[in-house]
């Protein structure tokens, strides 16, 4: 309420806010009336994640902190979300009222309730009203939409906010399935994109199955996870090395998710984001480290370097994911499901352990922060000693190594002033210089490797993976290019074929960084492999320096062999 009052005061005196809506104080006064009638209803509304996302964004704009862009929503309309919050509060409190609200993307969103569909209406405002006779109406120009007495019913002109239902006798979970609120995606405001009934049923089926896996967990607290899940937002972000999910401390309890592929992965994502939500709440109460934003470091689960605070979040989130897979592998229904769980457990425990070591080495922890990390280390210690079958363990180790190599190739830059002597030595047939050129961390755009997704596919759907090897031109992952034949061979365990493929790829496209990493993974033991594993950025930098406009550069393996053979 304090932040809403601050926004009301700022908006009331801001020169760019005036528009067709009534003064912000009118919305504020309606909100206060509703709170007096039903404090609990208004409290739940104000804790709705999308209200928090809007409030943070709008305050930044009003204070001039956010960078304005040419197609930005008019400030009066963005500020006018306050009027829709007040309208929702009044409807929930069941009081008589009348208020003008902004029309946006062909409708009016009533936060935590639903969407009034005003398609075809060209009026910038609509009136929401309720009277003592129980009549509730939205009017805009010639359009009139009666609102049902039960606002969870879908009727003509009114689309309620759906809920997902994770059924369990002890630990149920029923977050909203939000496809309509403009602030549901806290990364960027977006127009309503209503899921079709079959799509909504698909989300419900996956969520119900996933929640059954969460609810039976002994390693995580299902009730705590449920408390952290207020709103699930379907999104479609490009394919990455990891299943996409996101949360934000400004939208407490909101989780963005790409369409789920299977129940176990969705369950792990729900736990992952619940861990973020819990830690964000804790960090609002107590400091766990001093600073933490000044330096950036390698994060085993990200393609880009992260500040220490981000690493702390990642460690805690993946501790929860590790806990889930550790328990799930013991109750997996069949060999395929168990292999996936073994792989994910091995992968996540190693990533969490790596992040912990970085925090211990570099973070300036408070006393509470040290206590917090000791608790994380205590939970992880026993899991690090648990045996994992060779095949999934090797796959996890290879992918972690692949990730580290790609990070170095992308983000470690070699001092160009030291490359001249290396170029001269190569061209004159001399041994490589003794001292490696210095490197510096310089973040750059990253190319996404298909190998993590292919490994997961080979474990989850062996028949589908075999079919993909026969037809590699097909695109098995949403938004991604067809995989390289070399990557398919590597994921299938055909190292010799993969090595040939990566050498051919680098001869054709010498700046394909995932191919350089693939080359390192598939080379047999020897100086060339050692060079690419220990200082891949140096091999890449020398190769680039040796390229000429006509001659594409030396053979990648020969160059790595030369660098790795230095004394």
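The set of residues from the stretch 38-56 being surrounded by fewer than 21 Cβ atoms within 10 Å (Cβ to Cβ) and in a helix (DSSP H, G or I) comprises 39, 40, 41, 43, 44, 46, 56. Where helices (runs of 4 or more DSSP H) fall wholly inside the stretch 366-454, the ranges with 2 or more residues that are closer than 30 Å to residue 238 by Cα are 390-411. Every listed requirement among (1) touching a strand residue (DSSP E or B) at 6+ places or on another chain (Cβ under 9 Å); (2) buried (at least 24 other Cβ atoms within 10 Å of the Cβ); (3) part of a helix (DSSP H, G or I) is met by residue 126 save one, (3). Taking the numbered list (1) part of a loop (DSSP other than H, G, I, E, B); (2) touching a residue at least 40 places away in the same chain (Cβ under 8 Å); (3) within 30 Å of residue 327 (Cβ to Cβ) in turn, residue 493 passes all entries but (2).
Of 464, 553, 518, all but one fail to be without any contact (Cβ under 8 Å) to a residue 60 or more places away in the chain and part of a helix (DSSP H, G or I); the exception is 464. The set of residues in the stretch 224-257 being more than 11 Å from the chain's Cα centre (by Cα), without any contact (Cβ under 8 Å) to a residue 60 or more places away in the chain and part of a loop (DSSP other than H, G, I, E, B) consists of 228, 229. Once the stretch 338-389 is narrowed to residues that are within 21 Å of residue 458 (Cβ to Cβ) and more than 24 Å from the chain's Cα centre (by Cα), the residue that is surrounded by the most Cβ atoms within 10 Å (Cβ to Cβ) is 339. Just one residue in the set 62, 82, 73, 77 is at pLDDT below 95 and in contact with a helix residue (DSSP H, G or I) (Cβ under 7 Å, 6 or more places away or on another chain); that residue is 62. Looking across the stretch 304-322, just one residue is free of Cβ contacts under 8 Å to residues at least 12 places away in the same chain and within 19 Å of residue 252 (Cβ to Cβ), and that is 310. Among the residues of the stretch 283-298, those identified as touching a residue at least 40 places away in the same chain (Cβ under 8 Å) and either part of a loop (DSSP other than H, G, I, E, B) or in contact with a helix residue (DSSP H, G or I) (Cβ under 8 Å, 6 or more places away or on another chain) (or both) are 286, 287, 288, 289, 290, 291, 292, 295, 297, 298. Within the stretch 144-177, the set of residues being in a strand (DSSP E or B), under 22 Å from residue 108 (Cα atoms) and in contact (Cβ under 8 Å) with a residue 24 or more places away in the chain comprises 145, 158, 159, 160, 162, 176, 177. Residues that are farther than 19 Å from residue 410 by Cα and surrounded by 18 or more Cβ atoms within 10 Å (Cβ to Cβ) within the stretch 508-545 comprise 522, 523, 528, listed in sequence order.
Taking the conditions (1) over 28 Å from residue 250 (Cα atoms); (2) surrounded by 14 or more Cβ atoms within 10 Å (Cβ to Cβ) in turn, residue 156 satisfies each one other than (2). Only one entry in 74, 111, 22, 18 is under 17 Å from residue 161 (Cα atoms) and in contact (Cβ under 8 Å) with a residue 40 or more places away in the chain, namely 111. For residue 301, the conditions (1) in contact (Cβ under 8 Å) with a residue 24 or more places away in the chain; (2) closer than 18 Å to residue 275 by Cα; (3) assigned to a helix (DSSP H, G or I) all hold with the exception of (3). Selection of the stretch 428-444 for residues being touching a residue at least 60 places away in the same chain (Cβ under 8 Å) and under 15 Å from residue 561 (Cα atoms) yields 431, 432, 433, 434, 436.
In the set (1) at pLDDT 95 or above; (2) assigned to a loop (DSSP other than H, G, I, E, B); (3) surrounded by 15 or more Cβ atoms within 10 Å (Cβ to Cβ), the condition left unmet by residue 211 is number (2). When residues in the stretch 134-149 are screened for being modelled with pLDDT of 95 or more and farther than 26 Å from residue 120 by Cβ, 0 of them pass.
The values are calculated or read from the model by the stated rules, or taken from the named source; none is laboratory data. The model shown is predicted, which means the values in this text are computed figures rather than measured ones. Note that we place each Cβ from the backbone using ideal geometry, even for glycine, and neighbour counts take in every protein chain shown.
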